[in-house]
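Q: One structure, as structure tokens, below. Some questions next.
Computed from the coordinates by the stated procedures, all read-outs in this text should not be read as laboratory data. Quick caveat, the model's predicted, so the values are computed rather than measured. FYI the Cβ positions are ideal-geometry reconstructions off the backbone, even for glycines, and counts take in every protein chain you see.
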Amino acid sequence: MPRTLFINVTIACLDSESGYGLREHGALLVEAGKIAWLGAMQDQPAVGDAEVIDCAGRLLTPGLIDCHSHLVYAGDRADEFEMRLEGASYAEIAQRGGGIISTVTATRAASEAELFAQALPRLNSLLAEGVTTVEIKSGYGLDSDNEIKMLRVARQLGSEFQVRVQKTFLGAHALPPEFAGRSDDYIERVCAEMLPRAHAEGLVDAVDVFIESIAFSLAQGTKVFDCAQALGLPIKAHVEQLSDLGGAVMAASRGALSVDHIEYLAAADVASLAQHETVAVLLPGAFYVLRETQLPPLAALREHQVPMALASDANPGSSPVTSLLLVMNMACTLFRLTPAEALRGVTINAARALGLATEIGSIEVGKQADIVLWNVVKPSLLSYQIGINPCAAVMQAGNWRSRTGLSA
Ligand code: DI6
Ligand code: FE
């Protein structure tokens, strides 16, 4: 395992309660896959045979973390994109049997190899911009075999590429057509068979539910969480995306890692997120694609110091987005996050949303050496530019994943 000393580097440590935690003229030692030392350049330790990288003042950050994606699926929904441009809404398309269910049909018909091949360019797009951890949800299988198939593909992506994949079971994403009119029976199936089987195969790091008028009720979501927590699994939820059903408060009160979307969350309910240390995951890609106008309760989130994460929500319907840098820009422009909040959203707060903040998400001694060197000298440039990829080099767990930009 290489020992590497970075010198003459500007480090956004993300190790404080706000801001970048910026350290200029710094140095950083990576050893045994971890961050072994960091400090001012003039204090750098004697490092023997370590490789020394002169960063010429460039910016180093933690590896980016995409804490909410539906990266594994088959087909596309470009036709629905056109329908929405002609005036149909996302909910109307779903009610007509399109939407999530059309991706379920395509995903059920695909083999593991086909799903893997189709997910690959999307994963590569994330990796090219310095993503070192990605969460991938099931939810387009909606029966045991097909949910397990999706999660196996997610696992395979993580074992064949230098990226950490967190697998989330989202069996309660939509009602499959064979259960039409019997949603309670489907939830029973999720709890009694689908989740336990996927968990028994070691495929579940967390359990998600979609609580919404076009998906499942608050009571049904609660039932799935009962089952997840009985298995000792962390929970998170898609809530308040299109309407306010009280899902975020319910999830937070059960200690959910995160509540995601939350455009329709009432400001008065934000205190319960703070109380239970639940992360607010904002998904500006879906907000943009659906031309949503209802903003998440940002002032209340800030007032209560709820950690805000940002993610791609990469999916074929509401967010065909595989660029976290673009998501950072959208969060600033659409939600008026500061560039510092945006970077926190894809590093330390995304790590919190996955329950991994003791291991990754910031540059601190003892944490895993997931780091990105960028061809920029200050962090606001990451949120500000659109369409340029300034990623110069990426290290995952102390090993180089790409280093072509090191000498640039
Ligand atoms: N909300 C989302 O953003 C994705 N799932 C969900 O519950 C969208 C899934 C899709 O439209 O395919
Ligand atoms: Fe989603």
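Q: Report, in deg cm²/dmol and to the nearest 500, the calculated mean residue ellipticity at 222 nm for the chain, where each DSSP H run with n ≥ 4 adds -39500 (n - 2.57) and the sum is divided by the residue count.
A: So the helix-based figure for the chain works out to -9500 deg cm²/dmol.
Q: So for region 122-185, what are the equivalent ellipsoid semi-axes in whole Å, largest first, each being the square root of 5 times an eigenvalue of the Cα gyration tensor?
A: One finds semi-axes of 29, 11, 8 Å for region 122-185.
Q: Taking every pair of alpha-carbon atoms in region 82-160, what share in percent sits in each 5 Å bin, from 0 to the bin with the longest distance?
A: 3, 14, 21, 19, 15, 15, 10, 3, 0
Q: Just checking the chain: which Cys have no other cysteine's beta-carbon under 4.7 Å?
A: Lacking a cysteine Cβ partner under 4.7 Å: CYS13, CYS55, CYS67, CYS332, CYS391.
Q: With point charges of +1 on the Cβ of Lys and Arg and -1 on the Cβ of Asp and Glu, referenced to the Cα centre of region 16-165, which listed residue (HIS68, LEU127, LEU29) lies farthest in the positive direction of the dipole?
A: Toward the positive end, the furthest listed residue is HIS68.
Q: In nm², what is the average projected area of the convex hull enclosing the Cα atoms of region 199-258?
A: 3.9
Q: How fast does region 215-318 diffuse by Stokes-Einstein, in µm²/s, taking the Kirkwood radius from C-alpha pairs at 37 °C and 0.692 mPa s?
A: Using the Kirkwood radius from Cα pairs, D works out to 238 µm²/s.
Q: So if each residue of separation counts as 0.36 nm, and I subtract the Cα-Cα distance between GLU303 and TRP37, what length gain in nm does that give?
A: 92.3 nm
Q: Could you list the square roots of 5 times each eigenvalue of the Cα gyration tensor of region 168-268, that is, the equivalent ellipsoid semi-axes, sorted largest first and rounded to whole Å?
A: Semi-axes (√(5λ), whole Å): 21, 17, 10.
Q: Translational diffusion coefficient, Stokes-Einstein: compute it for region 7-155 using the Kirkwood radius over C-alpha pairs as Rh, at 25 °C and 0.890 mPa s, and state it as an integer in µm² s⁻¹.
A: The estimated diffusion coefficient comes to 129 µm²/s.
Q: When N counts the residues of the chain, how does its alpha-carbon radius of gyration compare numerically with 2.2 N^0.38 Å, as a ratio?
A: Here the Cα radius of gyration is 0.96 times the empirical estimate.
Q: Counting only C-alpha contacts under 8 Å and six or more residues apart, can you give the relative contact order of the chain as a whole percent?
A: 20
Q: Using Cα-Cα distances under 8 Å and only pairs 6 or more residues apart, what relative contact order does region 86-233 have, in percent?
A: 22
Q: Where in region 260-274 is the amide nitrogen less than 17 Å from a point lying 7 Å along the Cα-to-Cβ axis of SER183?
A: none
Q: Okay, moving on. Starting from the Cα of LYS149, draw a straight line to each of the lysines and keep only those under 20 Å, dropping any in the same chain fewer than 8 residues away.
A: Partners within reach: LYS137, LYS167.
Q: Please report, largest first and rounded to whole Å, the three semi-axes of the ellipsoid equivalent to region 336-385, where each semi-axis is the square root of five times an eigenvalue of the C-alpha gyration tensor. If you can, show how the numbers build up before the last one.
A: Working: eigenvalues 86, 42, 9 Å².
Each semi-axis is √(5λ); the values are 21, 15, 7 Å.
Q: So if I take the centroid of the Cα atoms in region 68-84 and the same for region 121-170, what is the distance between those two points in Å?
A: Each part reduced to its Cα centre gives a spacing of 16 Å.
Q: Which ordering of SER111, SER258, SER125 is given by a fewest-first count of other beta-carbon atoms within 10 Å?
A: Taking fewest neighbouring Cβ atoms as first place, the list is SER111, SER125, SER258.
Q: Stretch VAL365-SER111 to full length: gain in nm at 0.36 nm per residue minus the Cα-Cα span?
A: 87.2 nm
Q: Work out, step by step, the length gained on full extension between ALA128 and ARG3: first 0.36 nm times the residue separation, then minus their alpha carbon distance; give nm to one decimal.
A: 42.7 nm
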